Amino acid sequence: MSIKILTDSGSDYEKHEIDEKNIDVIPIPITFKGRDYLSGVNLSKADFFALLEEGDDFPKTAQPSPQVFIDYFEEAKKNGDEVIAIMLSGSLSGMLQTMHLCKETVGYDKIHIIDSISATVGMRLLVDNAVKLRDEGKSADEIVSETESLKKRVRLYATFPTLKYLVKGGRLSRFEASAATLARIKPVITIGSEGEVFVCHKGVGIKRSIDYMAQAVIDEGIDTKYPVFPIYSGDPSNSKIMLEKISEKGFDLDGAPLLNIRPTIGTYVGVGAAGIVYIRKNK
């Protein structure tokens, strides 16, 4: 019997990282330009953003087939393994509900399904910590308890140069986008306590929005026991500016890896987004 850690491709792991950490990742299906893909399997980050820039087609994400989860849970049941599944926010996908139904279908109690209330590398922070605890010999219950506590301190901020992908994805009306574009508004988004995405700031110009994010990081404080992940989509230029701003404000992130996000979130922000994900200090 072993503890299996499961997540989905919204967590933005590369194949070699999945192997190194001994985790399992369910790919999220994407339909784009008339073709079906599996994120992280047959659609790379670079290819996705190149396709996104080419035309007006909007990629659509979907849930994995319920059979994927049933097969995984049946295998765990057969082997007597415990499963800790840390998944994309339930406010962004119906996948969690499907997984709970699949768990009931299989009839196996040693499946722990956790709503990360986050996305992209916000999930990754939780999965990485769960891997660390597993490798230290912690029980599944201990890992679940710490993950449920830690997820409340995950912070994600992001801004982006264009609103057109939010419009295409139905997250913003054309009228709202037109008004914001005329005023040169570049929103900063974050993820709330229930895993919902919302606008927390509206800056005039991308540089002011980047400055807002940098100040928010300083004001909240980073728990340096955990990694910090600056993120970008396709083009890292704005994220590099953000790192410079944070350094100017007194927190040096020199050496922090810049991570290119996958299509699961890149679909809505387009090329040129800048963001940061971290664990805030425990207050």
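Please treat every number below as a calculation from the coordinates, not as lab data. Keep in mind that what you see is a predicted model, and the values were worked out from it rather than measured. Don't worry about glycine lacking a Cβ; one is built from the backbone with ideal geometry, like all the others, and counts go over all protein chains shown.
Quick one: putting +1 on the C-beta of Lys and Arg, -1 on the C-beta of Asp and Glu, what dipole do you get for the range 3-152 around its Cα centre, in Debye to the nearest 20?
Details: 17 positive and 28 negative charges, 38 e Å.
Charge dipole, the range 3-152, about its Cα centre: 180 debye, nearest 20.
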Exercise for the section: Find the relative contact order for the chain and round it to a whole percent, using C-alpha pairs within less than 8 Å whose residues are 6+ positions apart. Expected result: 21 percent
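With the cut-off at 1.5 for a/c, could you classify the chain from its C-alpha gyration tensor as rounded, prolate or oblate?
On the way: a/c = 2.00, a/b = 1.36, b/c = 1.47.
Judged from the Cα gyration tensor, the chain comes out oblate (a/c at least 1.5, b/c at or above a/b).
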Problem - Gyration tensor verdict on the range 3-152 (Cα atoms; rounded if a/c is under 1.5, prolate if a/b is larger than b/c, oblate otherwise) - result: prolate
Exercise for the section: Mind checking which of ILE185, MET95, GLY270 is farthest towards the positive end of the chain's charge dipole, using Cβ charges of +1 (Lys, Arg) and -1 (Asp, Glu) about the Cα centre? Expected result: ILE185
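Using Cα pairs closer than 8 Å and at least 6 residues apart in sequence, work out the relative contact order for the range 153-279, in percent. Write out the running numbers ahead of the final one.
Numbers: 227 pairs, mean separation 43.7, N = 127.
The value is 34 percent.
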Exercise for the section: Using θ = phi - 60° and the Karplus relation 6.51 cos²θ - 1.76 cosθ + 1.60, list the HN-Hα couplings for the range 235-243 in order, rounded to whole Hz, with x at every Gly or Pro. Expected result: 10, x, 3, 5, 5, 5, 4, 4, 4
Problem - Net lengthening on full extension, LYS283/GLU17 (0.36 nm per residue, minus Cα-Cα) - result: 92.6 nm
Practice task
Mind listing the long-range amide H neighbours of VAL83? Cut-off is under 5 Å, sequence gap 5 or more, other chains count too, H placed in the peptide plane at 1.01 Å from N.
Solution key: LYS4, ILE111, HIS112
Completion exercise
the chain: antiparallel bridges as % of DSSP beta bridges, rounded to 5, reads 65 percent
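Taking K and R as +1 and D and E as -1, what net charge do the other residues with C-beta under 11 Å from the C-beta of PHE32 add up to? If you can, show how the numbers build up before the last one.
On the way: positive: LYS33, ARG35, LYS60; negative: ASP36, ASP47, GLU54, ASP57.
That works out to -1.
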Practice task
Give me the distance between the Cα centres of the range 90-159 and the range 218-283, rounded to whole Å.
Solution key: 22 Å
Exercise for the section: With springs only between Cα atoms under 10 Å apart, run a GNM on the chain and tell me which of ALA216, ALA119, ALA130 wobbles the most. Expected result: ALA216
Fill in the blank from the handout: Scan of the chain for GluC sites (Glu not before Pro) in DSSP loops with at most 11 other beta-carbon atoms within 10 Å gives a longest site-free stretch of 1-135
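Write down Rg/Rh for the range 153-279, rounded to two decimals, with Rg from the C-alpha atoms and Rh from the Kirkwood relation over Cα pairs.
Working: Rg = 13.9 Å, Rh = 14.7 Å.
Ratio value, two decimals: 0.95.
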Practice task
Determine the calculated [θ] at 222 nm for the chain from helices alone, applying -39500 (n - 2.57) to every DSSP H run no shorter than 4 residues and normalising by the residue count; nearest 500 deg cm²/dmol.
Solution key: -12500 deg cm²/dmol
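Quick check on the range 3-152: of the DSSP beta bridges with both residues there, what percent are antiparallel, nearest 5%? It would help to have the intermediate numbers written out before the result.
Details: 6 of 19 bridges.
Here the antiparallel bridges make up roughly 30 percent for the range 3-152.
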Fill in the blank from the handout: GNM on the chain, Cα springs under 10 Å; top mean-square fluctuation among LYS110, LYS249, LYS225 goes to LYS225
